[in-house]
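Input: a single structure, listed below in structure tokens.
The values are calculated or read from the model by the stated rules, or taken from the named source; none is laboratory data. Because the structure is predicted, anything quoted here is derived from the model rather than measured. Cβ placement follows ideal geometry from the backbone for every residue including glycine, while neighbour counts extend to all protein chains displayed.
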Amino acid sequence: MKSRILLAWLVIGAVLIISRLAAQDVIVTDPAWLDPEEPPADVLPSFKKRPKPDVSQEIEKGGVLAYALVYETLDEKGKRMDAHREYTNPYLESETGRAISMDAIKFTPAKRGGDAVMTTCRYALIFNPRSAAEGKSDASPRVIEVESVVVKKKELPAGTKLPLVIWATLSIDEKGRLQNYAFEDGAYEPLRPQVGGSLHNWKFSPARKGGQPVAAELKVPLILNQQYGPKGPGVPPKKLADRKPRYPRSMLATRLRADLLV
């Protein structure tokens, strides 16, 4: 009798764990440069210990995409010097706070020329809804990479406070490619170039119907903000070449001495 009761509890526990894992769909992206076109170092920082955020009932009940953008300034030992976070949902602040605390997350430092250097990187914590879970034969599009929309205050209505979250509906084809999008509020239509530039860097897995990829629409929140600039001294400049200073020929006749201070 006792063995049957124990078995029943084990089955119930397994069901609860499986259902929890199905609902807890969080992607933590790898660290990336703020500007991939001009990387400040040769090797990106990486996670020694990857964040593992929980998902609250409030996030699950929402049934829509939510994400947090995290900007980290790290020293030569990979230790956090400064951090900045942006959220699409206020509940994410508490959800991610513990997961990305200094005790819960560790980094290897960036490297340049083989030497560890201070730098700033970014990553995202993406909370896809249960409808976009992997492995389902019928699923909505799944977001696997995001970034914010960089704007200037003069481009927004007077009095707008940043960061600002707006909503858009995306058209994703059967290959996971963005085809088009529409703003929920037409007042932001003038920002289409900036939004389009950001969405070009998002990545998606397509929706599925009967196990086959299909085109579908997806409602997403967009974070509008100014370009993030790290606090502190910033990344040290990179030495490109060594050249000895040359005394100007026009000064040779004067026979004056000169000191060069860099």
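Small (Gly, Ala, Ser) and either outside the structural domain of residue 41 (by TED's automatic domain parsing) or over 27 Å from residue 132 (Cα atoms) (or both): is that true of residue 78 in this structure? So that I can check it myself, show each step before the final result.
Numbers: small (Gly, Ala, Ser): yes; either outside the structural domain of residue 41 (by TED's automatic domain parsing) or over 27 Å from residue 132 (Cα atoms) (or both): yes.
Yes, satisfied.
Return yes when residue 64 is under 25 Å from residue 150 (Cα atoms), among the β-branched types (Val, Ile, Thr) and within 15 Å of the chain's Cα centre (by Cα) and no when it is not.
Here the answer is no, as residue 64 does not meet what is asked.
Quick one: in the stretch 100-116, of everything that is surrounded by 18 or more Cβ atoms within 10 Å (Cβ to Cβ) and of a type in the set (A, V, I, L, M, F, W, C), which residue is farthest from residue 77 (Cα to Cα)?
100
Checking the conditions here, which among 181, 188, 123 is in contact (Cβ under 8 Å) with a residue 12 or more places away in the chain and within 20 Å of residue 33 (Cβ to Cβ)?
Values: 181 fails: within 20 Å of residue 33 (Cβ to Cβ); 188 fails: within 20 Å of residue 33 (Cβ to Cβ).
None of the other options fit; the residue is 123.
Quick check on my filter: what residues within the stretch 56-101 are over 16 Å from residue 28 (Cβ atoms), acidic (Asp, Glu) and modelled with pLDDT of 85 or more?
75, 76, 82, 93, listed by residue number.
Considering only residues that are assigned to a loop (DSSP other than H, G, I, E, B) and at pLDDT below 95, which ones fall in the stretch 151-184? Give the steps one after another, and end with the answer.
Taking the stretch 151-184 first, the residues assigned to a loop (DSSP other than H, G, I, E, B) are 151-152, 156-163, 173-177, 184.
Correct list: 151, 152, 156, 157, 158, 159, 160, 161, 162, 163.
With the requirement that a residue be within 15 Å of residue 138 (Cβ to Cβ), touching a strand residue (DSSP E or B) at 6+ places or on another chain (Cβ under 6 Å) and surrounded by fewer than 15 Cβ atoms within 10 Å (Cβ to Cβ), what does the stretch 166-216 give you?
174
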